[in-house]
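Note sheet for the following structure.
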Amino acid sequence: MLKLVKMKQNEYDVIKGKLISDYAKEKVRVGHWQEDEAIELSKETLEKILKDGVDTSNHYLMSAYEDEEKKIGFIWFNIFNKSVFINALCIYDEFKGNDYEIKVVEALEEKSYDYGAKKINLHSFGYNEGAIAAYRKMGYEITDVYMNKKI
């Protein structure tokens, strides 16, 4: 059974670089940032949002465990106005392809009741068609579509 456990600060210190790097790559890929500035902008963004690390108010960083010993990834979400927003979801490479992304979101759906949440929001970059399809199968609806064209 998949379990979400509050992340400790030292665990966050380990994954912080991955959060910064992944977000920078995504923003470059969709054309929002230039490659030479992306890491710095990503770092600034993360430090502004998670200024107190795992103790940042209304933000939750959870490690995902398949069993008591097998850490398969993590999820970061925040809560505002009885809504959960998934900021980041990461399944470690060695566990990809086992529907863990879906299992983590399902575990968060169950946990969201503890926070009094009435809905869950998330964002997926448009090119990530696999994730979008999986979320749609889970009952998530597309609420916004952003488009751009390089000229």
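The values are calculated or read from the model by the stated rules, or taken from the named source; none is laboratory data. In this text, all values refer to a predicted model and were calculated from it rather than measured experimentally. Methodologically, a virtual Cβ is constructed for each residue, glycine included, from the backbone with ideal geometry; neighbour enumeration extends over all protein chains shown. These accessible areas exclude ligands, DNA and RNA; they are computed on the full protein's heavy atoms, side chains included. Shrake-Rupley method; radii C 1.70, N 1.55, O 1.52, S 1.80 Å.
Some points to look at:
- Multiplying the residue separation of Arg29 and Phe95 by 0.36 nm and removing their Cα-Cα distance gives an extension gain of 21.3 nm.
- Heavy-atom accessible area per residue - the chain, 1.4 Å, Å²: 68 Å²
- Area projected by the alpha carbon convex hull of the range 1-88, averaged over all directions, nm²: 6.6 nm²
- Helical content of the chain, expressed as a calculated mean residue ellipticity at 222 nm, amounts to -12500 deg cm²/dmol (DSSP H runs of 4 or more residues, -39,500 (n - 2.57) each, divided by residue number, nearest 500).
- Relative contact order, percent, the chain [alpha-carbon distance under 8 Å, six or more residues apart]: 20 percent
- Expressed to the nearest 5 percent, the antiparallel share of DSSP beta bridges inside the chain is 85 percent.
- For the range 8-151, the carbon plus sulfur part of the accessible surface works out to 47%, probe radius 1.4 Å.
- Distance between the 7 Å Cα→Cβ label points at Glu106 and Lys82: 2.7 nm.
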